1. Normalised by the number of residues in the chain, what is the relative contact order in percent for Cα pairs under 8 Å and 6+ residues apart?
2. Using helices alone, I'd like the mean residue ellipticity at 222 nm for the chain: each DSSP H run of four-plus residues gives -39500 (n - 2.57), total over residue count, nearest 500.
3. With an 8 Å Cα cut-off and a minimum separation of 6 or more residues, compute the relative contact order for the stretch 273-348 in percent.
4. With a ≥ b ≥ c taken as the square roots of the eigenvalues of the C-alpha gyration tensor of the stretch 304-350, please select rounded if a/c is under 1.5 and otherwise prolate if a/b is larger than b/c or oblate if it is not?
5. Return the whole-Å distance between the Cα centroid of the stretch 324-395 and the Cα centroid of the stretch 129-150.
6. With a length cut of 20 Å (Cα positions projected on each helix's long axis) and a Kyte-Doolittle mean of at least -1.0, go through the chain and give me the DSSP H helices that pass.
7. Students often get this wrong, so check it: of Lys49/Lys305; Lys6/Lys49; Lys7/Lys247; Lys50/Lys289; Lys6/Lys293, which have C-alpha atoms separated by over 24 Å?
8. What percent antiparallel are the DSSP beta bridges of the chain, to the nearest 5?
Amino acid sequence: MAEWTKKSWQNFEALQQPNWPDAEAYEKSVATIAKLPPLVFAGEIRAMKKDLAAASRGDAFLLMGGDCSEDFENCTAPHIRETLKIILQMAVVLSYAGGKPVVKVGRMAGQYAKPRSADLETIDGVSLPSYRGDMVNSPAFTKESRTPDPARMVHGYHLSAATMNILRAFTKGGYGSLERVHAWNNEFVKASPMGRNYERLGKSIDRALNFMRVVGIDTNTPQFNQAQFYTSHEALLMGYEEALTRKDSITNEWYDCSAHMVWIGDRTRQLDGAHVEFLSGVKNPIGMKVGPKHDLDVICQLARKLNPENEAGRLTLITRFGKDIEQHLPGLIRMVKREGLDVVWCCDPMHGNTYTAETGHKTRNFNDILQEIQCFFEIHWAEGSVPGGVHFEMTGQNVTECTGGGRNIIAQNLAENYQTNCDPRLNAEQSLELAFQISEMIRG
Ligand code: PEP
Ligand code: CO
């Protein structure tokens, strides 16, 4: 077999790549990114893998969240802060009420490219390239907007750097301190029953911190006043990912420094495809989506190829089965056990539960989401495996994209604040409510 290099994916078929109209401009863009600094560092990536290894054993719980697809316009301090706040809030609920350390991950700072089912979209007889995420083109249905523009990758890199920068500032510069738990409570959520539950929990944390100080424990340490926050995104645009792949000078290993964890989707995980080749050689933790159409034998081969040393924390299986979870998950768990594969099990209760409301909006119902999580836990308990984490499409904004939850959003409310360019997200209140429900499940 030919040796892996950061370019060896080029010898394999890469699906879901845009048809960049100007090859020269494309080469120029990836060369520009290749010269720019990495967005994350190898040492951080290794730390994340260790944390994920703990999640695979049940000694930690993985919480991932973010937009289905980030958009350039929303790369603003308030938007990033609100999403971070809700993830921190959920993590506090899961760690304090659930009693486990939480591995906090934003599918952020690079989630700018989306796989699509068709290359072209046709409206009223006019066919244009599909929208593939802001790093490729823009959603407006005009020839100009939809033509893939590689300069967008460079812009996407800079916005990812800006996002990373503010995330680091918030989490390391005091905002992520446990003393700030109350400040993370969103104005919109505060008055709701969930917000009040959260305030109560915040007060217990205050008392616990105060008690620690009284007995002489120093709470002015990173464990208390900083949060460890990791990033992930789907590694879809191969040129972008290659350009950010760097050799670590300490270990001589290759890392994709575009994010700590990189995802691979159902549509690009062909065993002989470019994405699998590329990811098999970088040392990052990998998140692999597993939907209802999976083939057990293929998943097994992929796990072997992507994690040949069966390293703990390297591979997370992100299952997304919706109502059919009981048909699919037990078989998958048994195969993984039988083959002795070391994985983190993560439930994505969003993508198998999407439907179109009578108003025409793409939506998901809160109870279906909760139901899938509950089944995920119960099936793992029954099979004797570890339910290691969850992934949500969510935002700190007060959107009306998913139905149900405490405020019981109904189909007729969806138009009130429906913002997503891609999949519907939980709002802050719905996300917090799920965190409280999950904390009960983690505690077992
Ligand atoms: C996603 O992961 O947000 C998504 C839309 O997945 P897919 O298109 O791969 O099903
Ligand atoms: Co999505």
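The values are calculated or read from the model by the stated rules, or taken from the named source; none is laboratory data. This is a predicted model, so every value here is computed, not measured. Reconstructed Cβ throughout: ideal geometry from the backbone, glycine too, with neighbour counts over all protein chains shown. Ligands, DNA and RNA are stripped out before the accessible areas are found, and what is left, the full protein with its side chains, is counted by its heavy atoms. Shrake-Rupley method; radii C 1.70, N 1.55, O 1.52, S 1.80 Å.
1. Details: 866 pairs, mean separation 98.8, N = 444.
Rounded, it is 22 percent for the chain.
2. Details: 14 runs with 174 residues, N = 444.
Value at 222 nm, helices only: -12500 deg cm²/dmol.
3. On the way: 86 pairs, mean separation 27.0, N = 76.
Relative CO of the stretch 273-348 lands at 36 percent.
4. Numbers: a/c = 3.09, a/b = 1.66, b/c = 1.86.
Taking the square roots of the gyration eigenvalues as a ≥ b ≥ c, the stretch 304-350 is oblate.
5. Result: 32 Å between the Cα centres.
6. Counting only whole DSSP H runs, the qualifying helices are 42-57, 77-92, 151-172, 193-214, 366-383, 428-443.
7. Numbers: Lys49/Lys305 18 Å; Lys6/Lys49 21 Å; Lys7/Lys247 13 Å; Lys50/Lys289 21 Å; Lys6/Lys293 30 Å.
As for pairs spanning more than 24 Å Cα to Cα, those are Lys6/Lys293.
8. On the way: 11 of 45 bridges.
The answer is about 25 percent antiparallel.
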